[in-house]
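Undergrad: Sharing a structure with you now.
The values are calculated or read from the model by the stated rules, or taken from the named source; none is laboratory data. Bear in mind that the values here come from a model prediction, so they are computed numbers and not experimental data. A quick note on method: Cβ atoms are made from the backbone with ideal geometry, for glycine too, and the neighbour counts reach across all protein chains shown. Calculation scope for accessible area: heavy atoms of the full protein, side chains included, ligands and nucleic acids excluded. Shrake-Rupley method; radii C 1.70, N 1.55, O 1.52, S 1.80 Å.
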Number of protein chains: 2
Amino acid sequence: MREVIRRQRYHHGNLREALVEAALALVEERGSPEFTLREVARRVGVTHAAPQRHFEDRAALVAAVAEEGFHGLRAHVESVAGLAKARDPAARLHALGVAYVQFAVRNPAHFRVMFTAELADKSRHPSLQAASRAMHDFLVQCIEDGQREGFFVEGDPLELAFAAWSLVHGLAVLLVDGRGMGRRPAPLIESVVARLHTGLLPRHRPKRKRRKH
Amino acid sequence: MREVIRRQRYHHGNLREALVEAALALVEERGSPEFTLREVARRVGVTHAAPQRHFEDRAALVAAVAEEGFHGLRAHVESVAGLAKARDPAARLHALGVAYVQFAVRNPAHFRVMFTAELADKSRHPSLQAASRAMHDFLVQCIEDGQREGFFVEGDPLELAFAAWSLVHGLAVLLVDGRGMGRRPAPLIESVVARLHTGLLPRHRPKRKRRKH
DNA sequence: GCCGCAATGTAGACGGCGGACACATCGACC
DNA sequence: GGTCGATGTGTCCGCCGTCTACATTGCGGC
């Protein structure tokens, strides 16, 4: 009965990629990086044990999805920052930040998996660590360049990078989690990332001490 | 054999709280918000079905831990911001941000559970939504006060609040996930949150266009 | 005091899960 | 055309969350 729809070929042919794709689709559909190995296998049309030929365990599949995501993120960020290369470092940093958040909003499933709690210990997945690290190094480089040319405030570049990374990552997380207060994301991203540059304090600080009451 | 160590009383007496506490301890120990209901029950010394008398399902227990965390966060933030109340709004906002991140770093287990992916859909847990919302409202209020008195730049207060919330939340997430670059967290928190106020651009923007090469 | 009942914990069953294994099928290379 | 490694199947294991029937308890009305 059930074998009416049956895979024709015994071998799938491209199971590994198909599994990654199916897993991503599941995350997309349910908006949460929780999926079952068997579920993924069913969707692809193979037995639940078949994935083991391609991924040592469930975590390996999750890591593969995350890694694909990191590569996509890096490509997007570098392409956008590359376009802004001719302009000054501040514009480049701005473009970098916007691109980061854009990627998250456009690829929420990938982003969720990339930062899922199950992958918190990345020591088991060195390629993930490398991708994340490369991103960070690129950011620090961008800030050091800007400082050297006087476009950014002086100070420990690592600390500035950490601040930028925090704002941008926090923004991405909040937007992907649907805490965007129902606004259109694009302008919100632009203005929030711009805030990183100018800060919340007015350029001309009021000298009056405090209100009367 | 195994009943040598056996609970004396048939009724635990305070099972609900004990379960929340045990769950939190497990998260703390393994550094990840993944725990098993049966595991928690074993640790408390009851049968695996006993928790069901207090929590409809596993998600309800997770939500209870998260809710406890939100109450703690709010208490911490409000107490710190209360102390800084006498000072100007900028100092108050700074204190608020530092307190937020401090809470995350000091209570990583709580923080992880509060923002775990399983609770992404908070519609099923209105008390969580309320706690998170209260936090946000407090922040917006703080910014509106500051703007009114000229301590912050003008503009949509919701957008400024979103920027502040992003930076602080991102910083907390990165620190809790151990991406703090091995630095002592306290000074890093101070300086990164301070960066929110001043931004990355120098106060006196260089007018020269760009480097020669 | 004691009794009946709601609250709370126990014991066991069920289906689904991740993982391990032996076996079936395939395709690439000799 | 035969062989062997690669890839998918079928089955088993222990653990999981949840359900249900039953045991134990504490408490309020008599």
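Undergrad: Of all residues in segment B:21-42 being within 14 Å of another protein chain (Cβ to nearest Cβ) and among the aliphatic types (A, V, I, L, M), which is farthest from the chain's Cα centre (by Cα)? Working first, answer last.
TA: Start the filter on segment B:21-42 by keeping residues that are within 14 Å of another protein chain (Cβ to nearest Cβ), which leaves B:26-35.
Still in the list and also among the aliphatic types (A, V, I, L, M): B:26-27.
Working: B:Leu26: 18, B:Val27: 15 Å.
Filtering segment B:21-42 for residues that are within 14 Å of another protein chain (Cβ to nearest Cβ) and among the aliphatic types (A, V, I, L, M), the one farthest from the chain's Cα centre (by Cα) comes out as B:Leu26.
Undergrad: Here is a list of conditions, (1) within 19 Å of the chain's Cα centre (by Cα); (2) among the aromatic types (Phe, Trp, Tyr); (3) not in a helix (DSSP H, G or I), and A:Phe138 meets all of them except one; can you say which number that is?
TA: Of (1) within 19 Å of the chain's Cα centre (by Cα); (2) among the aromatic types (Phe, Trp, Tyr); (3) not in a helix (DSSP H, G or I), only one is false for A:Phe138: (3).
Undergrad: Turning to a different aspect of this structure: Looking at segment A:43-83 only, could you name the residues that are more than 16 Å from DNA strand D (Cβ to nearest atom), within 17 Å of A:Ala130 (Cβ to Cβ) and not β-branched (Val, Ile, Thr)?
TA: A:Ala63, A:Ala66, A:Glu67, A:Glu68, A:Gly69, A:Phe70, A:His71, A:Gly72, A:Leu73, A:Arg74, A:Ala75, A:Glu78, listed by residue number.
Undergrad: If A:Asp137 meets every condition in (1) within 14 Å of another protein chain (Cβ to nearest Cβ); (2) crowded, with 21+ Cβ neighbours inside 10 Å apart from one, which number is that one?
TA: It is condition (2) that A:Asp137 fails.
Undergrad: Being in contact with a Lys or Arg (Cβ under 8 Å, 6 or more places away or on another chain) and open to solvent by 40 Å² or more (accessible area, probe 1.4 Å) is the filter here; which residues of segment B:46-56 pass it?
TA: Within segment B:46-56, B:His48, B:His54 meet the criteria.
Undergrad: Then there is this: Within segment B:141-161, is even one residue within 14 Å of the chain's Cα centre (by Cα), open to solvent by 20 Å² or more (accessible area, probe 1.4 Å) and outside the structural domain of B:Ser32 (by TED's automatic domain parsing)? Give the steps one after another, and end with the answer.
TA: Step one: list which residues in segment B:141-161 are within 14 Å of the chain's Cα centre (by Cα), which gives none.
Checked against the condition, which is being within 14 Å of the chain's Cα centre (by Cα), open to solvent by 20 Å² or more (accessible area, probe 1.4 Å) and outside the structural domain of B:Ser32 (by TED's automatic domain parsing), segment B:141-161 yields no hits at all.
Undergrad: Restricting to segment A:58-99, and then to whatever is in contact with a Cys (Cβ under 9 Å, 6 or more places away or on another chain) and of a type in the set (A, V, I, L, M, F, W, C), can you tell me which residue is surrounded by the most Cβ atoms within 10 Å (Cβ to Cβ)?
TA: Going residue by residue through segment A:58-99, those that are in contact with a Cys (Cβ under 9 Å, 6 or more places away or on another chain) are A:81, A:89, A:92-93, A:96.
Among the residues that remain, those that are also of a type in the set (A, V, I, L, M, F, W, C) are: A:81, A:93, A:96.
On the way: A:Ala81: 22, A:Leu93: 28, A:Leu96: 22.
The residue in question is A:Leu93.
Undergrad: I'm trying to understand the selection: among the residues of segment A:1-23, which are surrounded by 14 or more Cβ atoms within 10 Å (Cβ to Cβ) and either touching an Asp or Glu at 6+ places or on another chain (Cβ under 8 Å) or modelled with pLDDT under 70 (or both)?
TA: A:Val20
Undergrad: Also, I was wondering about something else. Does segment B:149-156 contain at least one residue that is part of a helix (DSSP H, G or I) and of a type outside the set (A, V, I, L, M)?
TA: The initial filter retains those residues of segment B:149-156 that are part of a helix (DSSP H, G or I), namely none.
Looking for residues that are part of a helix (DSSP H, G or I) and of a type outside the set (A, V, I, L, M), one finds none in segment B:149-156, hence no.
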